[in-house]
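Report on the following structure.
The values are calculated or read from the model by the stated rules, or taken from the named source; none is laboratory data. Predicted model only: the values in this text are computed from it and were never measured. Note that each Cβ is placed from the backbone with ideal geometry, even for glycine, and that neighbours are counted across all protein chains shown. Note: areas computed on protein heavy atoms with side chains; ligands, DNA, RNA excluded. Shrake-Rupley method; radii C 1.70, N 1.55, O 1.52, S 1.80 Å.
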Amino acid sequence: MKIGIAKGLLYYIYYPLWRTFFEKLGCEIIVSDDTNKNILDRGIKDFADDACLPLKLFRGHILELASKSDVIFVPRLVSVAKHEYICPKFCGLPEMIKNSIAHLPPIIDETLNMHKNGSMEEMRGFFMSVGRHITNDKSAISEAYSEAVKAQRGYDALLRSGFLPIDLLGDRQDKAFREIKSARDYSQAIGIIGHPYVIYDNYLSMGLIDKVRQAGYGVITPENVADDVIDEEADKLPKHMFYTFGKNIYASAMHMIRSKSVKGVIYMSAFGCGVDAFITELVQRRGRRLDNIPIMILNIDEHTGQAGVDTRVEAFLDMIKWRDQHEGDVPAYR
Amino acid sequence: MKVTFPHIGNTYIGVKAVFDALGVEVVVPPLCTSRTLELGTRYAPEMACLPLKVTLGNYIESIERGADTIAITGSCGPCRFGYYGVVQQEILNDLGYDAEILILDPPQDGDFKPLFSRLAKLGGPNVTAGKAIKAGYLGFKIIKEADELDRMILKVRPREIDKGQTDAIWGKYRADVIKAFGPYEILKVIRRAKDEVRAIKIDKTFQPLKIGLVGEIYTLIEPFVNLNVEQKLGNLGVEVNRSIDLSGWVIDNIFLGLLGLSSEKRIKKAAKPYLDLCVGGHGRECIGNTVLYSRKGYDGVIQLMPFGCMPEIVAETILPQVSKDENIPVMTLILDEMTGEAGYQTRLEAFVDLLKRKREKERAKKHYGLLLGH
């Protein structure tokens, strides 16, 4: 059976988990191509204008997969942690896809909802029902699930040690392992924050991570920050932040600024992202009160021109360099 | 302590009555105007949804009138509304205001303590539980009667013989009710307006088009934000039904919700083939109500939402399918600070024209069908 997995939304976070699970059950996995203009254009056509960019793009990837796969995996990820959600659009994702695309192959749209207690039992239950779409052999599903969790743990550990999803997924892994030593040697780093499906998608982010690395800076992202550090920073908010990725982005930004581990923070947010609208505000206001580390917000949409983004990133990096050289890291005015 | 709160539809009438009865000093924010919106959009994040901006404008205008405590309800996701208070507090702090926002979150995991301590803080030392319950009951009664008045107006406006009578009564009532003090005086104003509406002469033979309004609760019930959509449609000769009003929401979520008897069950059942779980806000209700309006023989449905509303976008992408399956025209109107009134009016007129044509065509078909023996 050919299972289609879209290279969008939480692919960058959970792909090792999904791939291992389906492969252990003997499925062939079809991943959609890297994002390109054609995929994005197809996603946007005949869809709600005010939906967020990553969602439009995800729809494009599904259209890409429709002709290539027997079944498409569109999980409904309501919640992956206790008392948290991902975003309302993730709750209605399968419906939005089904009702906006005609002639879709069958989709696997099981629900993962860990909102009540965040227990891994929910996760197991989710995979058991996903597995039933493929086989009736419960022990095989259970075994595949255990293997998948193991693979995901290994992936998460690599992320926490400083690798990024773009280093590990696809064909760049060998190169990344060879170069990571030198990557650690970067004396200075830039924090790049944002939703994983924005910053790790090379087309959407216009190669932001590569660009910053080429300029001689290491890159730290929310996926590199340890869970307990995230929780510690998030607890300082007056009310529990109930968006998992919003929480990760906010807390990792605060951690980077507080620990002065970065020279600057670039927040790439997608047009129409409701979570980003709030988190950019909190990061800017609270971050600036904390320390004077420069923060830049880059908002991207389907019209963003590459040249404009390049210019802004270059200007930001130049500004950081000048600050080091001429101001001794102290701004001339306050 | 001077308490204030955001505007949303008729809330201010009931909430003011509650605080008046409890002897808590309250600043009712001035009714929303373009200044409110301008203040809100100037200081709020650009991509935030419209209710955050307008309510921020309410707070600033109330603070200018001496308010120092802002009481709002909260939620714990997935809609962004649950985080309004935190973001707005940051903005007010940076603007140099020292007003405090008290978020009244529903209890999570059965822990009522934070909610009660905040309510106690709001009431002050002289308020007992008994007093609070009595005041709460009066407040609820007032909102219920105010909603009833709204519904009467929706029925009368398209049928009135002398056009403009209803609007005149409504305008006078809005000006009077904000000046009244205490629950009993407020009730008197509402009941007087009801009597006046009842006295309007109507054309009983007229069969107006019927349009159901669905969508996000704030844009549905705050007339400033939806550019008086009910008034505009009513004056086009349309009978409007709003799927959500405040008293209905209170009954469903507070009284019946606790007993598990909520009328939302019917709506959820209607939405089930399209969306079988809560996506926050009123996304699921939007779908369910559209189905129900179609079955009740309504001519059309209008979805109202603020730009970027996350739950409503889910509904928006599903509605075209509902419209096709249930054979009911649906129009989505997205509201933000840029919405121009003329363009909005044109879209409403075009939609009403379309519905009229559809009705005529269907009636003609029925007649010809009979003639030709189909």
Report summary line: Sorted on mean Cβ neighbours within 10 Å (highest first), peptides B:190-203, B:80-93 come out as B:80-93, B:190-203
Report task. Quick one: work out Rg over Rh on the C-alpha atoms of the protein assembly as shown, Rh as Kirkwood radius. Result -> 0.99
Report summary line: So, for the Cα atoms of chain B, Rg and Dmax in Å stand at 21.6, 79
Query raised in the report: How big is the Cα convex hull of the stretch B:72-182 in projection, averaged over all directions, in nm²?
Result: 11.0 nm²
**Report entry** Paired Rg and Dmax values of the stretch A:174-327, which use every Cα atom, in angstrom
**Finding:** 15.1, 43
Query raised in the report: Listed highest first by mean packing, meaning other Cβ atoms within 10 Å per residue, what order do A:100-108, B:5-13 come in?
Result: B:5-13, A:100-108
Requested in this report: Calculate the length of the line joining the C-alpha centroid of the stretch B:41-117 to that of the stretch A:213-286, in whole Å.
Outcome: 22 Å
Query raised in the report: To the nearest 0.05, how large is the calculated FRET efficiency for B:Asp98 and A:Ala157 if R₀ is 41 Å and r is the Cβ-Cβ distance?
Result: 0.35
Requested in this report: Compute the label zone of B:Ser34 within the stretch B:330-350: residues whose backbone N is under 19 Å from the point 7 Å along Cα-to-Cβ.
Outcome: B:335-346
Requested in this report: Determine the calculated [θ] at 222 nm for the protein assembly as shown from helices alone, applying -39500 (n - 2.57) to every DSSP H run no shorter than 4 residues and normalising by the residue count; nearest 500 deg cm²/dmol.
Outcome: -16500 deg cm²/dmol
Query raised in the report: Can you put B:Tyr184, A:Tyr85 in order of accessible area, largest first, using a 1.4 Å probe?
Result: B:Tyr184, A:Tyr85
Query raised in the report: Under 20 Å from the Cα of B:Lys356, which aspartates and glutamates turn up, not counting those fewer than eight places away in the same chain?
Result: B:Glu160, B:Asp203, B:Glu230, B:Glu239, B:Asp299, B:Glu326
Query raised in the report: What FRET efficiency comes out for the pair A:Asp174/A:Lys150, r = Cβ-Cβ distance, R0 = 22 Å, nearest 0.05?
Result: 0.55
Report task. At 0.36 nm per residue, minus the direct Cα-Cα distance, what do B:Arg151 and B:Met1 gain on full extension? Give it in nm, one decimal, please. Result -> 50.4 nm
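If you roll a 1.4 Å probe over the heavy atoms of the protein chains, what accessible area per residue do you get for the stretch A:174-327, in Å²?
For the stretch A:174-327, the solvent-accessible area averages 41 Å² per residue.
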Report task. Report the charge-dipole magnitude of chain B in Debye, nearest 20, computed about the Cα centre from +1 at each Lys and Arg Cβ and -1 at each Asp and Glu Cβ. Result -> 1740 debye
Query raised in the report: Looking only at other chains, what is the average number of their beta-carbon atoms within 10 angstrom of each beta-carbon in B:81-88?
Result: 4
**Report entry** For the stretch B:262-317 and the stretch A:87-103, distance of Cα centres in Å
**Finding:** 15 Å
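Cα-Cα pairs above 14 Å in the stretch A:250-334: how many percent? Provide the component values of the computation, followed by the final result.
Values: 2379 of 3570 pairs.
In whole percent, the long-distance tail amounts to 67.
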Query raised in the report: On full extension of the chain, what length is gained from A:Met319 through A:Lys260, given 0.36 nm per residue of separation minus the C-alpha to C-alpha distance?
Result: 19.5 nm
Report summary line: Simple spin-label estimate for B:Asp336/A:Thr311, 7 Å along Cα→Cβ, in nm, reads 2.3 nm
Requested in this report: Evaluate peptide B:318-329: per residue, the Cβ atoms of other protein chains within 10 Å of its Cβ; return the mean as an integer.
Outcome: 2
Requested in this report: Kindly work out what percent of the DSSP beta bridges joining two residues of chain B are antiparallel, to the nearest 5.
Outcome: 5 percent
Query raised in the report: Say R0 is 22 Å: what FRET efficiency, to the nearest 0.05, do B:Asp68 and A:Arg286 get from their beta-carbon distance?
Result: 0.45
Requested in this report: Shielding by partners for A:275-287, please: the mean number of other protein chain Cβ atoms within 10 Å of each residue's Cβ.
Outcome: 5
Query - q = 0.10 Å⁻¹: log10 I(q)/I(0) that the Debye formula gives for chain A, counting C-alpha atoms only - result: -0.60
Report task. Calculate the radius of gyration of the Cα atoms of the stretch A:2-158 to one decimal place, then report Dmax, the largest Cα-Cα distance, as a whole number, both in Å. Result -> 15.3, 45
**Report entry** Signed unit charges on C-beta, dipole axis of the protein assembly as shown, positive-most listed residue B:Phe140, A:Phe177, B:Asn228
**Finding:** B:Phe140
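Could you work out how much longer the chain between B:Arg174 and B:Leu119 gets when fully extended? Use 0.36 nm per residue separation minus the Cα distance between them, nm to one decimal. Write out the running numbers ahead of the final one.
On the way: separation 55, 0.36 × 55 = 19.80 nm, distance 2.87 nm.
Between B:Arg174 and B:Leu119, full extension yields an extra 16.9 nm.
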Query - Among A:272-282, A:186-196, A:135-145, the order from most to least packed when residues are scored by Cβ within 10 Å on average - result: A:272-282, A:186-196, A:135-145
Query - Distance between modelled label sites at A:Asp227 and B:Arg295, nm, 7 Å Cα→Cβ extension - result: 4.5 nm
Query - Violating pairs (Cα-Cα greater than 20 angstrom) within the set B:Lys155/B:Lys265; B:Lys210/B:Lys361; B:Lys155/B:Lys365 - result: B:Lys155/B:Lys265; B:Lys155/B:Lys365
Query raised in the report: Straight-line reach from A:Lys138: which lysines have Cα under 19 Å away, leaving out those fewer than 8 places along the same chain?
Result: A:Lys24, A:Lys150
Report task. Taking a cut-off of 19 Å between Cα atoms, list the lysines near A:Lys263, but don't count ones fewer than 8 places away on the same chain. Result -> A:Lys211, A:Lys321
Report task. Identify which of A:Arg258, A:Arg289, A:Arg124 has the largest mean-square fluctuation in a Gaussian network model of chain A, with springs joining Cα atoms closer than 10 Å. Result -> A:Arg289
